[in-house]
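Each remark here refers to the structure printed beneath this line.
The values are calculated or read from the model by the stated rules, or taken from the named source; none is laboratory data. These numbers were taken from a predicted model, which means no experiment stands behind them. Cβ atoms come from the backbone with ideal geometry, glycine included; neighbour counts cover every protein chain shown. With ligands, DNA and RNA removed, areas are computed over all heavy atoms of the protein, side chains included. Shrake-Rupley method; radii C 1.70, N 1.55, O 1.52, S 1.80 Å.
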Amino acid sequence: MREPVFTGACPAIVTPFDQSGAIHYDRFAQLIDEQIAAGVDAICVVGTTGECSTLSLREHISAVNFCVKYVNHRVKVIAGAGSNDTSAAVYLSQHAEDSGADALLHVTPYYNKCSQEGLIRHYEYIADRTELPIILYNVPSRTGVSFTADTYRTLSQNPKINGVKEASGNLSLITHTRYLCGDDFYIWSGNDDQVVPMMSLGAKGVISVVANIAPQLMVNMTHLCLDGCFEEASKLQITYMDLIDALFLEVNPIPVKAALGLMGRDVGGLRLPLCEISASNLEKLRAAMERSGLLDASKNSVAS
């Protein structure tokens with residue numbers, strides 16, 4: 001049987017920018033250290049939350065190289081390498097492999113909206129050209145296309161394809177996938193509001209936006225599930241729904257970058273066409289962070 005790339009909590013880490021808009025590598029290192037100190041099990045670099053869509057190829061490759069070298073085997077590093085151009089996805093995959101990354105995250109080709117046969121050919125073509133395990137990424141709200149359980153079954157037969165980050169929100173799809181694909185095609189939640197429900201169906205953890213600001217929360221939630229303590233994990237899921245919802249008031253990663261700023265971690269702005277959070281949503285986000293204990297309302301600062 002294949003082993004899962006990781007079990008537990010993995011932040012889809014933001015890419016910090018300096019005042020000129022370039023990648024801020026010193027701040028990047030600080031973010032990585034904070035995540036590892038909190039006990040995360042892996043780090044996903046230059047995924048959607050890392051603004052991969054507006055990084056140049058050179059920046060993308062450089063960010064992966066930096067993350068792999070700085071992490072230095074302390075946890076697993078999963079490199080985003082997805083594209084709607086299969087040849088570009090191969091190019092990014094091979095560079096990530098050369099960097100020493102542990103695995104690849106490949107989103108479904110966006111905008112093209114290929115058929116299920118096209119998805120199968122896309123992923124098999126990539127798998128034939130890298131030695132790294134591949135985590136598929138299903139997020140139809142962004143890409144316009146979703147895997148079916150039958151397509152998962154076909155792709156699960158490829159030993160290079162380790163599993164899927166599921167962000168469709170479709171629990172029936174997850175159940176059917178578990179039924180068709182067996183125990184060694186692994187599933188990770190791609191939705192922070194569905195971690196416990198998905199892990200109760202056999203998911204191995206989460207690739208998380210929320211972990212950027214509350215890594216210990218996501219570590220605790222996932223490890224409780226892995227230990228079979230679903231009642232206690234469910235209490236965490238329910239208690240922090242207000243915070244989770246606030247982090248998706250606008251398209252990711254707009255709110256999470258704003259949240260990090262409120263916590264005193266200046267990660268810079270966003271690259272167009274993304275722009276700063278609206279004033280009204282910023283106040284809603286601040287209030288949710290105060291209610292969750294991440295900010296001290298009396299001091300308007302991070303709670304100790």
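Inside the range 253-280, can you point out the residues that are buried (at least 20 other Cβ atoms within 10 Å of the Cβ) and either at positive phi or in contact (Cβ under 8 Å) with a residue 60 or more places away in the chain (or both)?
Across the range 253-280, the qualifying residues are P253, V256, K257, L260, V267, G268, L270.
Listed residues L285, L272, L243, L260; which is of a type in the set (A, V, I, L, M, F, W, C), under 30 Å from T54 (Cα atoms) and touching a Pro at 6+ places or on another chain (Cβ under 7 Å)?
L285
Criterion first (open to solvent by less than 60 Å² (accessible area, probe 1.4 Å), within 27 Å of P11 (Cβ to Cβ) and of a type outside the set (D, E)) does K160 satisfy it?
Criteria met by K160.
Just to be sure before I move on: is S189 surrounded by fewer than 24 Cβ atoms within 10 Å (Cβ to Cβ), more than 27 Å from G264 (Cβ to Cβ) and small (G, A, S) in the structure I sent?
No: the conditions fail for S189.
All but one of (1) open to solvent by less than 40 Å² (accessible area, probe 1.4 Å); (2) free of Cβ contacts under 8 Å to residues at least 40 places away in the same chain; (3) not in a helix (DSSP H, G or I); (4) not charged (D, E, K, R) hold for A96; state the number of the condition that does not hold.
(3)
If you check L119, L132, L201, which single one turns out to be surrounded by fewer than 23 Cβ atoms within 10 Å (Cβ to Cβ) and farther than 21 Å from C10 by Cα?
Going through L119, L132, L201 in turn, just one is surrounded by fewer than 23 Cβ atoms within 10 Å (Cβ to Cβ) and farther than 21 Å from C10 by Cα: L119.
Is there a residue in the range 289-303 that is farther than 18 Å from T239 by Cβ, at pLDDT 95 or above and either more than 21 Å from the chain's Cα centre (by Cα) or open to solvent by less than 30 Å² (accessible area, probe 1.4 Å) (or both)?
Checked against the condition, which is being farther than 18 Å from T239 by Cβ, at pLDDT 95 or above and either more than 21 Å from the chain's Cα centre (by Cα) or open to solvent by less than 30 Å² (accessible area, probe 1.4 Å) (or both), the range 289-303 yields no hits at all.
Run down T239, T154, T222 and say which single residue is open to solvent by 20 Å² or more (accessible area, probe 1.4 Å), polar (S, T, N, Q) and under 29 Å from M263 (Cα atoms). Don't jump to the end; show me each part of the working.
Numbers: T154 fails: under 29 Å from M263 (Cα atoms); T222 fails: open to solvent by 20 Å² or more (accessible area, probe 1.4 Å).
Of the residues listed, the single one that is open to solvent by 20 Å² or more (accessible area, probe 1.4 Å), polar (S, T, N, Q) and under 29 Å from M263 (Cα atoms) is T239.
With the requirement that a residue be crowded, with 17+ Cβ neighbours inside 10 Å, over 18 Å from S189 (Cα atoms) and aliphatic (A, V, I, L, M), what does the range 37-54 give you?
The answer is A38, and nothing else.
Could you grab the pairs with beta carbons closer than 7 Å, sequence gap of 6+ or different chains, first residue in the range 23-49 and within 18 Å of L226 (Cβ to Cβ) and touching a residue at least 12 places away in the same chain (Cβ under 8 Å), second one of a type in the set (S, T, N, Q) and not in a strand (DSSP E or B)?
These pairs meet every condition: A38/Q216; G39/Q216; D41/T7.
Condition (residue is closer than 18 Å to K257 by Cβ and not in a helix (DSSP H, G or I)) applied to the range 26-36: is it met by at least one residue?
no
For the range 55-81, give me the residue count where each residue is surrounded by 23 or more Cβ atoms within 10 Å (Cβ to Cβ), in contact with a helix residue (DSSP H, G or I) (Cβ under 6 Å, 6 or more places away or on another chain) and not in a strand (DSSP E or B).
2
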